[in-house]
Amino acid sequence: MPIPGTGIIPSGAEYSQLQAVTRRAFIPQLVVQIYNSSPTLSALMGNAQKASGGISSVTVPVQGQAMTTTQTTNYGGTFNVPGDQTGIQNGEFNLKALITPLALLGMEPAVQMGEKVLSLLEARSNDAGQNMIQFMSNAISSNYTDNSNFIGFAGAIDDGTNLNTYGGINRTSNTWWKGNRYAAGSVAPTRSNVMTYEMGTVKASGELPSFGVMGPGTWMKLAEDFLGYERYMMKPDGVGFSNTASGPKAGFTALMVGNVPIFADPYFPEGTLYLVNTRYLALYIHERASFYVTPFSNLQPIGQLGYLANILTLGEMVCAKPKAQTVVTGYTYETI
C-alpha cells in the first residue's frame, strides 16, 4: 500500500502525478513472515528412515515378556523343563498422508509473462513446502490422536494419559509399552531436577536420552540456572576482550545436562520437557513420497482454466521403545 507524504515522497496532487508516471522500486525477493524453523523436525528429517507400501507399513516386533527362565541347579544338573513362553508381538503403524495443493489458475501466466517482479508460482511452491513443514512440526510437537495426522511426542512418549493404544498395543494391559511420565510440580527447570528425570529414564530403560527438547520460555528458565555461574577467563599475557575479534562469549545454544543436550523448539508447549532416545524413535518417510511433486494437471475438464499439482508426503513418527523416552510436565517458564 503506497504511503504518500512520508520521506522523499510528496502528498496530494503532486503524489498522484508522480505515481502515474513512476514505477515502484521492488526488492526482487519475497521475505516470508509466518513460518519458524524446528530443530526437532530437522533432526528427525536428517535421520529419517525409509518406508514403503503395504498394510502396517512400519511393523516393529517388540518383546514385552520373558521367553526363558533362569534357575539354579545342583551337582546332578537337574532343572525344570520350561514350557512354551511367548513374549513377542507386533507394534504396527500406518503411514499418514499430507498433501498441499499447488494451483496455477486463470490468466495469471499471461499477466506475469515477461513482466513479473516475483513469480507467484515459485512463491507458492516455496510456501507449499514450508506450509507442510510447519504442519509436520505442529503434529510432532503436540498431536496425540491416532488419526490421519502424524502421531507426535505427546502420543508416542506417553504412559496412556493421552494415547492408551499406541501402534496397536494397549498400554494398560502391556505396561512395558508405557513411556515415563513425571510431574515437575510447578518448579523451574534446573540442572539438578532435569538430571533427576534423565536418571529416571536410565532406571526405566538402562539408557541415557539422546537429547531433550522444550519450549523457548521453559528453556530460558533452565538457562537461568547456568548463566549465574558463567566465568570470563583472561589469558595469562593480559590480552583483554577488547583485543579479540568477537568479544566475550556468553550464553549457550544447547544446555548440556548430564551430557544430554537440551534444545529449545518454538513449536513445543511451554512447561514440558521431552527426553528422547533416537535409537528407538525415528521419522519414517515413504521412499517414493517425500515432498513429491505430482505433475500439473489441466483443469479444463472441470470447467476451470488452469493447472493443479500437489506436494505429497507419506510418513509417520514411530517410537519402538516408549520406556526409553520421558516426558516431564508442570515446569514454570519465562513469558517471552
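If you average the C-alpha positions of segment 15-81 and of segment 253-294 separately, how far apart do those two centres end up, in angstrom?
Each part's Cα centre sits 7 Å from the other's.
With θ set to phi - 60° and the Karplus curve 6.51 cos²θ - 1.76 cosθ + 1.60, what are the ³J(HN,Hα) couplings of segment 77-83 in order, to the nearest whole Hz, using x for Gly and Pro?
Working through the residues one at a time gives x, 7, 7, 7, 6, x, x Hz.
Kindly flag which residue pairs out of K50/K116; K96/K203; K96/K321 have an alpha-carbon separation exceeding 31 Å in this structure. Mind showing how you got there, number by number?
Numbers: K50/K116 40 Å; K96/K203 33 Å; K96/K321 20 Å.
Result: K50/K116; K96/K203 exceed 31 Å.
Considering the dipole of the chain built from charges on the beta carbon (Lys and Arg +1, Asp and Glu -1) around the Cα centre, which of S173, P101, Q63 is farthest to its positive end?
Of the options given, the answer is Q63.
Could you run the Karplus curve 6.51 cos²θ - 1.76 cosθ + 1.60 with θ = phi - 60° over segment 181-190 and give me ³J(HN,Hα) per residue in whole Hz, x for Gly and Pro?
10, 10, 10, 5, x, 6, 10, 6, x, 10
Where both partners of a DSSP beta bridge lie in the chain, what percent of those bridges are antiparallel, to the nearest 5?
Values: 37 of 47 bridges.
Beta bridges within the chain, antiparallel portion: roughly 80 percent.
Quick one: among T73, T165, T272, which has the greatest mean-square fluctuation in a GNM of the chain with alpha-carbon springs under 10 angstrom?
Comparing T73, T165, T272 in the GNM, the peak value goes to T73.
Any chance you could get the radius of gyration and Dmax over the Cα atoms of segment 275-336, in Å?
Cα-based Rg and Dmax for segment 275-336 come out at 20.8, 57 Å.
Which value at 222 nm does the chain reach when only helices count, each DSSP H run of 4 or more adding -39,500 (n - 2.57), with the total divided by all residues and rounded to the nearest 500 deg cm²/dmol? Walk me through the numbers on the way to the answer.
On the way: 7 runs with 77 residues, N = 336.
Theoretical 222 nm ellipticity from helices: -7000 deg cm²/dmol.
Taking 1 over the mean of 1/r across every pair of different Cα atoms in the chain, what Kirkwood radius in Å do you get?
Numbers: mean 1/r = 0.0405 Å⁻¹.
For the chain, the Kirkwood estimate is 24.7 Å.
In segment 263-336, what trypsin sites (Lys or Arg not before Pro) fall in a loop by DSSP, with at most 13 other Cβ atoms inside 10 Å? Intermediate values should be presented prior to the final figure.
Details: sites: R279, R288, K323; in loops: R279, R288.
Of the trypsin sites (Lys or Arg not before Pro), the ones in loops of segment 263-336 whose Cβ has at most 13 other Cβ atoms within 10 Å are R279, R288.
Highest mean first, what order results for 310-318, 89-97, 49-57 on Cβ atoms within 10 Å?
Values: 310-318: 21.3, 89-97: 17.8, 49-57: 13.2.
Going from most to least packed, we get 310-318, 89-97, 49-57.
Please give the contour-minus-distance gain from R23 to A110: 0.36 nm per residue of separation, less the Cα-Cα distance, rounded to one decimal in nm. Can you show the working numbers first?
Working: separation 87, 0.36 × 87 = 31.32 nm, distance 2.03 nm.
Contour length minus Cα-Cα distance gives 29.3 nm.
If you rank L120, L18, L273 by fewest surrounding Cβ atoms within 10 Å, what's the result?
Numbers: L120 15, L18 12, L273 26.
Result, fewest neighbours first: L18, L120, L273.
Report the far tail of the P(r) of segment 43-197, meaning the percent of Cα-Cα pairs longer than 25 Å. Walk me through the numbers on the way to the answer.
Working: 6969 of 11935 pairs.
For segment 43-197, the fraction of Cα-Cα distances above 25 Å is 58 percent.
Could you pull out every residue, at least 5 positions away or on a different chain, whose amide H is within less than 5 Å of the one on H286? Hs are placed 1.01 Å off N in the peptide plane, and Pro or chain starts have none.
Those lying under 5 Å, H to H, from H286 are A51, L314, G315.
Using the Kirkwood radius over C-alpha pairs as Rh, can you work out the diffusion coefficient of segment 161-230 via Stokes-Einstein at 25 °C, viscosity 0.890 mPa s, in µm² per second? Walk me through the intermediate numbers first.
Working: Rh = 14.3 Å.
After rounding, the answer is 171 µm²/s.
Report the percentage of all Cα-Cα pairs in segment 1-115 whose separation exceeds 25 Å, rounded to a whole percent.
Cα-Cα pairs in segment 1-115 separated by more than 25 Å: 69 percent.
With labels modelled as points extended 7 Å from the Cα through the Cβ direction, what inter-label distance (nm, one decimal) is found for S37 paired with M1?
So the label points at S37 and M1 sit 3.3 nm apart.
Dipole magnitude of segment 1-125 about its Cα centre, charges +1 at Lys/Arg Cβ and -1 at Asp/Glu Cβ only, in debye to the nearest 20?
Working: 6 positive and 6 negative charges, 44 e Å.
Magnitude of the dipole: close to 220 debye.
With a 10 Å Cβ neighbour count serving as the proxy for reagent exposure, in which order, fewest first, do F211, F268 appear? Don't skip to the answer; put the middle values down first.
Working: F211 17, F268 26.
Starting with the residue having the fewest Cβ neighbours, the order is F211, F268.
May I ask you to evaluate 6.51 cos²θ - 1.76 cosθ + 1.60, the Karplus curve with θ = phi - 60°, for each residue of segment 165-172 and list the ³J(HN,Hα) values in order in whole Hz, giving x for glycine and proline?
Those phi angles translate into 10, 10, x, x, 10, 7, 7, 5 Hz.
Sorted from fewest to most neighbouring beta carbons within 10 Å, what does the list M113, M256, M132 look like? Write down the numbers at each step before the final one.
Numbers: M113 8, M256 11, M132 17.
Ascending number of Cβ neighbours within 10 Å: M113, M256, M132.
No lab work stands behind these numbers, since they all come straight from the coordinates. Predicted, not measured: the structure shown is a model, and the values here were computed from it. Cβ atoms come from the backbone with ideal geometry, glycine included; neighbour counts cover every protein chain shown.
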